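A short write-up of the structure that comes next.
What follows is calculated from the coordinates using simple rules that are stated; it is not laboratory data. This structure is a prediction, so every number in the text was calculated from the model and none was measured. Reconstructed Cβ throughout: ideal geometry from the backbone, glycine too, with neighbour counts over all protein chains shown.
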Amino acid sequence: MRKMNSAGKSQSSGPQNNTADDEPEHAVQLPAGAKNYITPNGYRKLRDELEHLWKVERPELVKTITWAASNGDRSENGDYIYGKKRLREIDRRVRFLRKRLEQAEVVDPALRGQCDQVFFGATVTVCDDSGCESTFSIVGVDEANVSGGLISWVSPLARTLLKLREGEIAILRTPVGVQELEILAVEYRELG
């Protein structure tokens, strides 16, 4: 809980737990007790983002904030106010990325070899009731991009496909009804 002191500044009335604040609003929550599976490419992207924020963006921003603070009155100093806000955003993202990378379990689909069963990292081609074919790769929650054909392993579609084999029919329950998907092909390859 925050209180205002006589000078109008906020002060904390107890220890703050910022772990919930570290999670971006759009971050997908992992099921309780589940591992944070991720492909090598997904891990590399998160690590590169963390490195860029920590070694490039943050130091430049700190210089700007220091310069803006030296200009005097901070209450109407846009560079200072925006800089502090952006610094909090960067620090929040850095904490989130470090936590995600620490919990990550890297799984390389290219090392699985030939297998006709759907597991994490599989690239699956399915055919729906109307004969339309679609191909999806099952990846980690932090690297999912549906328009790019990458679906999270915790998504309803991926959970429906997991552990099925080529030739089997998956029953996908959606808000508009039940859809049958025939698994045409399962492939394990390097994603990226």
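Under 10 Å, Cα contacts only: if you run a Gaussian network model on the chain, which one of ARG98, ARG165, ARG173 comes out with the highest mean-square fluctuation?
So, out of ARG98, ARG165, ARG173, the one fluctuating most is ARG173.
In degrees, nearest 10, range 0 to 90: what is the angle between the Cα axis of helix 40-52 and the longest Cα principal axis of the chain?
10
Sort 68-80, 110-122, 138-150 by packing, meaning the average of other beta carbons within 10 Å per residue, with the highest value first.
Most protected by this proxy first, the peptides run 138-150, 110-122, 68-80.
For the stretch 109-188, what does the alpha-carbon gyration tensor say about shape, rounded, prolate or oblate, given a ≥ b ≥ c as the root eigenvalues, a/c under 1.5 as rounded, and a/b over b/c as prolate?
Oblate.
Please list, in order along the stretch 131-142, the HN-Hα scalar couplings obtained from phi with the Karplus expression 6.51 cos²θ - 1.76 cosθ + 1.60 (θ = phi - 60°), rounded to whole Hz, x for Gly and Pro.
So the Karplus estimates, Gly and Pro as x, are x, 7, 8, 9, 10, 10, 10, 8, 10, x, 5, 7 Hz.
Enumerate the amide H contacts of ALA122 below 5 Å, restricted to partners 5 or more residues apart or on another chain; note that Pro and chain-start residues carry no placed amide H.
It is ILE138, by chain and number.
What is the helix-to-structure angle for 78-103, meaning the angle in degrees between its Cα long axis and the longest Cα principal axis of the chain, kept from 0 to 90 and rounded to the nearest 10?
Between helix and principal axis, roughly 40 degrees.
First check a/c for the stretch 34-106, with a ≥ b ≥ c the square roots of the eigenvalues of its C-alpha gyration tensor; if it is under 1.5, answer rounded, and if not, answer prolate when a/b is larger than b/c or oblate otherwise.
Since a/c reaches 1.5 and a/b is larger than b/c, the shape of the stretch 34-106 is classed as prolate.
Suppose every K and R has +1 on its Cβ and every D and E has -1 on its Cβ; what is the size of the dipole of the stretch 109-188 about the Cα centre, in Debye to the nearest 20?
Using Cβ point charges on Lys, Arg, Asp and Glu, the stretch 109-188 gives about 300 debye.
Subtract the Cα-Cα distance of ARG112 and HIS52 from 0.36 nm times their separation in residues, and report this length gain in nm to one decimal. Don't skip to the answer; put the middle values down first.
Values: separation 60, 0.36 × 60 = 21.60 nm, distance 3.15 nm.
18.5 nm is the gain from fully extending ARG112 to HIS52.
In whole angstrom, how far apart do the alpha carbon centroids of the stretch 111-188 and the stretch 38-94 sit?
38
Positive end of the charge dipole of the chain (Lys, Arg +1 and Asp, Glu -1 on Cβ, about the Cα centre): tell me which of ASN36, THR174, GLY140 has its Cα farthest that way.
Farthest towards the positive pole: ASN36.
Hey, what do the phi angles of the stretch 166-174 turn into as Karplus ³J(HN,Hα) couplings, whole Hz, using 6.51/-1.76/1.60 and θ = phi - 60°, x for Gly and Pro?
Working through the residues one at a time gives 3, x, 7, 9, 9, 9, 9, 8, 10 Hz.
Quick check: from the Cα gyration tensor, does the chain come out rounded (a/c under 1.5), prolate or oblate?
prolate
Order the peptides 57-64, 38-45 from the highest to the lowest mean number of other Cβ atoms within 10 Å of their residues.
In decreasing order of mean packing, 57-64, 38-45 become 38-45, 57-64.
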